[in-house]
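Okay, structure first, notes after.
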Amino acid sequence: MTVRILIAEDQQLVRQGLIALLAVDDVTILGEAEDGKGAVEMAKALTPDVVLMDLSMPVLDGVEATRRIKQVAPQVRVLVLTVANCERRVAEALAAGADGYA
């Protein structure tokens, strides 16, 4: 089974690193969004299995983008990626519908 992934991260270097880490046979990268608004639009159009979501992004932050993705495509799993040690933001993302975080 191939897992179809959308990466939502505003920093290009981080996106490239994630793509390199996920370059395995059973993973397909459907696209990359550099802001939350783009992530919502791409998730709606592409219906990935998983969105890897950064919390801190321009235009629309990861919490609100997660909320909107879950409204338009509830079957899409959203995993929040963050290096910030901010339990409040992670709790907000989980309350918005995120399926997990790392």
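Below are the figures for this structure:
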| item | result |
| --- | --- |
| Label point distance in nm, V24-S56, each placed 7 Å from Cα along Cα→Cβ | 2.9 |
| For the chain, calculated [θ]222 nm from helices alone, where every DSSP H run of n ≥ 4 adds -39500 (n - 2.57) | -12000 deg cm²/dmol |
| Alpha-carbon gyration tensor eigenvalues x 5, square-rooted, for the chain, Å | 19, 15, 13 |
| About the Cα centre, charge dipole magnitude for the chain (Lys/Arg +1, Asp/Glu -1 at Cβ), debye | 280 |
| Prolate/oblate/rounded label for the stretch 1-61 (Cα gyration tensor, a/c 1.5) | oblate |
| Computed over the chain: relative contact order in percent, which uses C-alpha pairs under 8 Å that are six or more apart | 26 |
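Every read-out reported here was derived from the displayed coordinates using simple, explicitly stated rules and does not represent laboratory data. Everything numeric in this text was worked out from a predicted model, so none of it was measured. As a convention, Cβ positions derive from the backbone with ideal geometry for all residues, glycine included, and neighbour counts pool all protein chains shown.
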